[in-house]
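Q: Take this structure first; my questions come after.
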Amino acid sequence: MANNDTMNRRRFIKTAAATGVLALGGAALWKFGGLGALRDTALHQFPGVLYVERLRQIVTENTGRGRVLMWEVTSPIEQQTVEVRVQGEAEIMRRYAVTDEGFTDDSIEVYQYVAELDRLMPGTRYQYRITSGGAATDWQTLYTPTGGEPYKMLIFPDSQSSDYTDWKQLAHLAWARNTDAQLFACMGDLVDNGEDRLQWTEFFVGVKEMQRSIPMAPVMGNHETYNRDWKVRLPEAYLHYFDTPKNGSKEFDRYYYSFDYGDVHYIVLCTQQKEIDAFKSGLLAEQLAWMRRDLKAHRKRWNVVLMHKDVLQYRINGRPEREEGIDEDNGRVWMPVFDELAIDVVFSAHLHTYRNRGHLYHFAKTPDKKGPLYILTGVAGNVRYPNLWIDHAFDEVTLPQPETDNYLTMTVTHEALEIACFLPDGTEMDRVRVTKR
Ligand SMILES: [Fe+2]
C-alpha cells in the first residue's frame with residue numbers, strides 16, 4: 001500500500017531521550033528510570049515511552065491465529081518492532097516485523113505502520129507493544145478465540161456526522177458497558193466524507209480504547225468513496241486505514257472480504273458497485289462468484305453477512321411515487337444468494353434507521369422463519385432522518401420516531417445468535433434470537 005515516495009522517506013527514531021516523554025494516547029506519562037519497573041519487568045525495560053496514535057487491531061482471515069496491528073505516529077519512526085508475550089509471562093514470545101504503510105491523502109502525509117501477527121495460538125490472552133530504539137508503548141491486550149467458545153460482539157451503524165460528539169459518546173458508552181465484547185464491526189459510512197482527514201480523526205477518537213483491545217471489522221460505505229468536492233472517487237483513505245483480509249481480487253482487493261471469529265464466518269460485502277463502476281467495472285459479478293467459493297472454503301456453524309446498503313426499498317414521506325419493495329441493486333441480487341447459501345443473519349445500514357424485518361426467504365416471510373434474519377442496524381452519528389421512512393410491510397420492530405442513535409450486540413453460542421439493540425443510555429429496544437432450523 002505504501003508508494004515509493006513514502007517508502008523512501010527519510011525517517012528517524014524519535015525516542016523519549018530526544019523528546020522528553022512520549023505516551024500512548026496521551027493517557028500515561030512516564031519519566032525515565034524510576035517508574036519503568038512499574039510497567040515492565042527488569043528484563044524488558046525501555047527507558048522511554050513510544051507515542052503512537054490510532055493503535056488498532058484489524059480482523060484477519062482466521063482471528064484465532066492472527067491479527068493485524070496498525071498505528072500512526074506524528075513523525076516517521078524507523079526500526080520498529082512488535083513484541084508479543086503471553087499475558088502473565090515476562091518472556092517475549094515473538095517479535096514481528098513492522099511495515100511502513102504511510103500514504104498521502106487530503107494533502108496530508110500520514111505516517112502509518114502495520115504489523116501482521118501470525119502463528120498465534122487460539123484461546124490465548126496475549127499482550128503486545130511496539131518498540132523502537134529505546135522506547136516502547138505500554139502493553140496492550142490481544143485475545144485469540146477458540147472455535148467453539150461463546151462470545152459477544154458490538155455492531156455500530158453509520159457514524160457519519162457533521163459533528164462527531166454523539167458518535168464519540170455512543171461508542172464510548174457502548175464499550176464501557178461491553179468491555180467483555182471480543183470484536184466490533186462498523187457498518188459503513190464511518191465518515192461523512194471519505195477524503196476528510198479531520199473526520200477520520202473524529203471517527204477514530206470514538207473507538208480509541210476499543211480498537212487497541214479488540215479487533216475491528218470495517219465495512220465500506222458509499223461515503224467512503226466521496227472526495228472533498230463531493231464527487232465519487234475510489235475509497236482510497238478507507239483502503240489505507242484498514243488492512244482487512246485479502247480476497248484474491250486483482251481489481252478489488254480488500255473492497256470485500258471474509259473472516260472467521262469463533263464459530264462464525266463473516267462475509268463483508270461491498271455494495272458500492274454504482275460508485276465504483278465509474279472507475280472500474282465488474283465488482284458485483286466478481287463478488288457473487290467469490291462468495292460462493294468463499295463459503296465452500298470456510299464452513300462454520302454460523303454465517304453472517306455485513307453489508308452497507310440495504311436489501312429493501314422503503315417508501316419515503318413526501319414522495320408518494322416511491323413504492324416499497326425489494327431494492328433492485330442489492331436486494332434482488334443478494335437475497336437469493338443468501339437463501340441459497342443458508343446465511344443466518346444479514347446486517348445492513350445506510351438508511352439510518354433501525355428495522356428488524358425477521359426472516360425472509362424468496363423475498364417473503366415464511367411461517368417457519370426460513371431464510372436469513374435481516375437487521376437494518378440504525379444510526380450511530382448525528383445524521384438522522386426523522387420520520388423520513390414509512391414502515392415496510394416486512395418491519396417487525398422499529399424504534400420510536402424521531403430516532404436517536406443506537407448500537408447493537410450479538411452474542412454467539414453454539415445454540416443461538418442473540419442480537420440486541422440499545423439506545424446510547426443503555427435502554428434495550430429489541431432482542432432477537434436466531435437458532436438453527
Ligand atoms: Fe450510506
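Q: Hey, what does the equivalent ellipsoid look like for region 294-437, semi-axes from the Cα gyration tensor as sqrt of 5 times each eigenvalue, largest first, whole Å? Intermediate results must be reported in sequence, preceding the final value.
A: Values: eigenvalues 120, 76, 33 Å².
Rounded to whole Å, the semi-axes are 24, 19, 13.
Q: Helix-only mean residue ellipticity at 222 nm, the chain, DSSP H runs n ≥ 4 weighted -39,500 (n - 2.57), per residue, nearest 500. What is it?
A: That comes out to -4500 deg cm²/dmol.
Q: Enter the mean projected area of the convex hull around the alpha-carbon atoms of the chain, in nm², rounded to one decimal.
A: Values: hull surface 83.8 nm².
The directionally averaged projection comes out at 20.9 nm².
Q: How much length is gained if the chain between Arg322 and Ala285 is pulled fully straight, taking 0.36 nm per residue apart and subtracting their Cα-Cα distance, in nm to one decimal? Write out the running numbers ahead of the final one.
A: Working: separation 37, 0.36 × 37 = 13.32 nm, distance 2.77 nm.
Separation in residues times 0.36 nm, less the Cα-Cα distance, equals 10.5 nm.
Q: On a full-extension model of 0.36 nm per residue, what is the gain between Gln169 and Val337, subtracting their alpha-carbon distance, rounded to one decimal in nm?
A: Numbers: separation 168, 0.36 × 168 = 60.48 nm, distance 3.71 nm.
Net length gain for the segment: 56.8 nm.
Q: Using 0.36 nm per residue of separation minus the Cα-Cα distance, give me the extension gain between Ala297 and Gln140 in nm, one decimal.
A: Details: separation 157, 0.36 × 157 = 56.52 nm, distance 3.26 nm.
Gain on extension, Ala297 to Gln140, equals 53.3 nm.
Q: So if we plug the beta-carbon distance of Thr427 and Ser162 into 1/(1 + (r/R0)^6) with R0 = 22 Å, what FRET efficiency do we get, rounded to 0.05?
A: Numbers: r = 25 Å, r/R0 = 1.14.
Rounded to the nearest 0.05, the efficiency is 0.30.
Q: Shifting gears a bit: Take the Cα gyration tensor of region 151-212, multiply each eigenvalue by 5, square-root it, and list the three semi-axes largest first, rounded to whole angstrom. Numbers along the way, then the final one.
A: On the way: eigenvalues 84, 25, 18 Å².
Three semi-axes, in Å: 20, 11, 10.
Q: In addition: Calculate the translational D of region 192-307 in whole µm² s⁻¹ from Stokes-Einstein, where the hydrodynamic radius comes from the Kirkwood formula applied to all Cα pairs, the temperature is 25 °C and the viscosity 0.890 mPa s. Working shown, then result.
A: Numbers: Rh = 15.2 Å.
For these conditions, the coefficient is 161 µm²/s.
Q: Starting at the first residue of region 67-80, write each ³J(HN,Hα) from the Karplus equation 6.51 cos²θ - 1.76 cosθ + 1.60 with θ = phi - 60°, in whole Hz, x for Gly and Pro.
A: With coefficients 6.51, -1.76 and 1.60, one gets 7, 9, 10, 9, 7, 10, 9, 7, 9, x, 10, 10, 6, 8 Hz.
Q: So which residue, out of Asn330, Asn406, Asn317, gets the largest mean-square fluctuation from a GNM of the chain using Cα contacts under 10 Å as springs?
A: Asn317
Q: Also, quick follow-up: With label points built 7 Å along Cα→Cβ from the Cα atoms of Leu198 and Val86, find their separation and express it in nm.
A: Between Leu198 and Val86, the simple spin-label model gives 4.9 nm.
Each reported figure results from applying straightforward, stated rules to the coordinates on display, with no laboratory input. Everything numeric here is computed off the predicted structure, so don't read it as measured data. No Cβ is skipped: glycine too gets one built from the backbone with ideal geometry, and neighbour counts run over all protein chains shown.
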